[in-house]
1. Residue-wise, which Karplus ³J(HN,Hα) couplings in Hz belong to segment 250-260, taking 6.51 cos²θ - 1.76 cosθ + 1.60, θ = phi - 60°, and x for glycine or proline?
2. Could you tell me which trypsin sites (Lys or Arg not before Pro) in segment 1-49 are loop residues by DSSP with no more than 16 other beta carbons within 10 angstrom of their beta carbon?
3. Just CYS144, CYS205, CYS119 to compare: in a GNM of the chain, with alpha carbon springs under 10 Å, which one fluctuates most?
4. Out of all DSSP beta bridges with both ends in segment 220-359, state the antiparallel percent to the nearest 5.
5. Segment 1-39 to segment 90-148: how many Å between their Cα centroids?
6. Going by Cα centres, segment 44-63 and segment 303-338 are how many Å apart?
7. Taking every DSSP beta bridge that has both residues in segment 77-206, what percent is antiparallel when rounded to the nearest 5?
8. Roughly speaking, what is the stretch gain from THR108 to ILE207, that is 0.36 nm per residue apart minus the C-alpha to C-alpha distance, in nm to one decimal?
Amino acid sequence: MKATIEGVRIAGVRAVVPRQRHSFVEEPGIFTPEEARKLHAGIGVYERRILPRPYCASDMCRAAAEGLLEQLGWEPSSVDVLIFVSQDVDYVLPVTAAVLQRHLGLPTSAACFDVTLGCSGFVYGVWMAARLLAGTAKRALVLCGDNSTRWLHPEDKATLPLFGDAGSATALEIDLGASPIHVSLGTDGGGAKHIFVKAGGKRDCLIPTDPPRSEAEMTRLYRDARLHLNGAEVFTFTLRAVPGLLKEAMADAGVTVGDLDYVVPHQANKMMLDHIRKKIGADPAKYIIDMEKYGNTSSASVPLALCSRLGTELEGGAKKLLLAGFGVGWSWGTILTDIGPIPSPTVVDLPEDYPVMEV
């Protein structure tokens, strides 16, 4: 699906990460020191941020939203749409966006809902928010964040060194002079089983049963409630689909890779991202790989990279950006638009005594 959205601009971006760091290079744990060094060279992750309990992804997103509203000088009452994009909702019911609405002080007239997408979630969230800004709706917040480290099995060498936790807030508003936002989206459920948490939903439920489950069944559920990642299939899908997706997005917008100021892909894996960059012919200086300190942060990875690497540039003036998300689902999407000048996108640590959000 393709769309061009007129009269809406991205007004600001902010990211929040946990204070707690962990590096398998410094503390190899289940890896040998040599294995840890090779992993760092291949996937590009030196350390990740890990969110401690009882915090959730929503807490990081709420902190990002509060900071962004202050940075923009927006009153919470002026926000008409709130979209919480995460695979880590606080509760089965209600939607986390409803809890966020109350804690952020948004008006009861605001439309607030959750979207349970991962790697492509930022693109989908921005697209939905931009589409909803019409009539009386003038401003929107898209909160993207995941707490992926809690899905990981403590002995899974494929996922432990890769994933980190982060939250973000992106603000959009009506601006009739804004440059167009070109969007392309797609889905192929044939890849659903390759990035998969099998247990936890209603299909394979974790709710205790009567009579109680057997020990063998509990062992299976413990395993199946963790993230399964088929790295070979993910790599094959990415190299097959993503370079063409990016080239098509540029063609649809009538630009070449040389016209772009920056390409910001989902921060999946350094080796994969290097392959994509070469296939589209992007200048390494204009192609953002920012996994060293944060790892793969799922739905937050694109806004986190914007804040981590392009704060000064986006504060200084308009930049033509190609943003891309791809992965779990399979699901993918691109945004090609100008962003800036905006208040400097910033990454901040979650405050030490930040209050946990409760219903």
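1. Computed from phi, the couplings for segment 250-260 are 5, 4, 4, 8, x, 10, 10, 4, x, 7, 7 Hz.
2. Taking segment 1-49 and a limit of 16 other Cβ atoms within 10 Å, the loop trypsin sites (Lys or Arg not before Pro) found are ARG19.
3. Highest fluctuation among the options: CYS205.
4. Around 65 percent of the beta bridges assigned by DSSP in segment 220-359 are antiparallel ones.
5. Distance between centres, Cα-based: 21 Å.
6. Between the Cα centre of segment 44-63 and that of segment 303-338, the gap is 20 Å.
7. Taking every DSSP beta bridge with both residues in segment 77-206, the antiparallel ones total about 45 percent.
8. Gain in length upon complete extension: 32.4 nm.
The numbers here are math on the coordinates, done by the rules we state, and not lab data. The shown structure was predicted, so the numbers you read here are calculated from the model rather than taken from an experiment. No Cβ is skipped: glycine too gets one built from the backbone with ideal geometry, and neighbour counts run over all protein chains shown.
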